[in-house]
1. Which of these, Glu112, Glu127, Glu101, has the largest mean-square fluctuation under a Gaussian network model of the chain (Cα springs below 10 Å)?
2. How long is the gain from Ile72 to Val249 if the chain were fully straight, where each residue apart is worth 0.36 nm and the alpha carbon distance is subtracted?
3. Just Glu197, Glu27, Glu120 to compare: in a GNM of the chain, with alpha carbon springs under 10 Å, which one fluctuates most?
4. Would you mind telling me the share, in percent, of accessible area of segment 16-100 contributed by carbon and sulfur at probe 1.4 angstrom?
5. If you take every DSSP beta bridge fully contained in segment 27-127, what fraction is antiparallel? Give it as a percent rounded to 5.
6. With +1 on the Cβ of every Lys and Arg and -1 on the Cβ of every Asp and Glu, and nothing else charged, how large is the dipole of the chain about its Cα centre, in debye rounded to the nearest 20?
7. Given the Cα-Cα distance of Arg317 and Asp90 and 0.36 nm per residue of separation, how much length would full extension add, in nm?
8. Tell me the per residue accessible area of segment 226-309 using a 1.4 Å probe; a whole number in Å² is fine.
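The values are calculated or read from the model by the stated rules, or taken from the named source; none is laboratory data. On a predicted model such as this, the values are computed, not experimentally measured, just so you know. Heads up, the Cβs are rebuilt from the backbone with ideal geometry, glycines too, and the neighbour counts pull from every protein chain shown. Calculation scope for accessible area: heavy atoms of the full protein, side chains included, ligands and nucleic acids excluded. Shrake-Rupley method; radii C 1.70, N 1.55, O 1.52, S 1.80 Å.
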Amino acid sequence: MENDKRKVLTVTMNPCFDRTIHVDKVEHGGTHRPESVQNDVGGKGINVSTVLTHFGEPTVCLGFCYSADGNIVEKALDDRGIPHDFVIVDGRTRTNIKIHEKESGVMTEFNEKGSHVGSEKQQQLIECIDSYLDQAGVIVLDGSVPEGVPTDSYEQMIRMANGRGVKTILDASGELLAKGVRAVPYLIKPNISEFCETFGIKTDDESKILEKAREIAESGITYICISMGNAGAYLVSRETILYAEPMQVEVRGVQGAGDSMVAGFCLALNRELSMREMFACGVAAASGSLRHPGTKLCTKEELEELLPQVVIREVARY
């Protein structure tokens with residue numbers, strides 16, 4: 001594959017300002033004095049592109065940017081050295097509040113919906129994405145969408161990318177995931193709560209979870225990754241089910257770990273690595289990001305350090 005075909009496109013339709021508050025313990029109804037507070041420009045696609053840039057992989061960040069304060073988002077990407085091409089829309093960037101409880105390692109999130117985006121701007125984004133597909137090897141569609149954007153928007157983008165021979169990664173939940181699956185993306189990466197909620201499965205019914213993942217693989221989706229936080233992760237294909245043990249790292253923040261896993265997958269796909277190697281890259285990248293507060297995400301050096309420590313075992317073969 002030529003170099004200009006190896007770009008990873010990321011689509012962030014709902015960028016945000018992440019305000020991460022670190023406390024020892026959350027007391028319901030109590031008054032808290034944060035140990036630290038961190039403010040970051042984020043959004044799932046932006047996080048993926050940030051990690052890919054750390055890894056030295058070519059990426060372009062696409063999506064919507066809001067007129068009231070989008071210059072802050074664009075400057076942050078410029079400072080990170082990330083190429084971007086946003087459709088500018090009216091409104092302001094949403095603010096997400098993340099409360100990280102150190103004692104339990106749990107993150108509690110309060111995520112705003114995002115300003116309304118009309119159909120004309122949505123079509124502009126479709127045309128923008130289309131103009132980049134000839135340069136791309138992978139496109140990542142992830143996160144929530146702002147008000148006004150229909151829940152089949154990812155489905156439409158997946159069909160468009162599939163028609164151009166570009167691998168699609170979908171990381172979403174609810175109707176965005178359920179409808180996106182109909183377009184047969186190359187890989188999906190919901191966490192266990194998102195997967196079970198979308199497909200009506202109890203989170204403690206492991207056999208049903210893997211049965212559903214296998215059913216989805218049989219529909220033509222090459223890989224289904226189900227991340228389970230400190231319980232590890234599964235990667236399912238038509239031929240096999242792999243399980244990755246959770247890595248023993250000091251957890252300073254959980255935000256962006258799933259996005260880092262997606263970035264690891266993109267790296268592996270660009271390098272045409274095996275399923276097991278791709279899974280290892282994803283797990284190492286996610287674990288590297290757990291070491292950082294807020295969205296100070298995994299570095300190339302951490303990826304190289306952690307890769308040899310990833311433990312993966314095959315739990316089924318078909």
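1. Between Glu112, Glu127, Glu101, it is Glu127 that shows the largest mean-square fluctuation.
2. Stretched fully, the Ile72-Val249 segment lengthens by 60.5 nm.
3. Looking only at Glu197, Glu27, Glu120, the biggest GNM fluctuation is shown by Glu27.
4. 49
5. Approximately 50 percent, going by the DSSP bridge assignments.
6. Once rounded to the nearest 20, the dipole reads 240 debye.
7. 76.7 nm
8. Averaged over the residues of segment 226-309, the accessible area is 38 Å².
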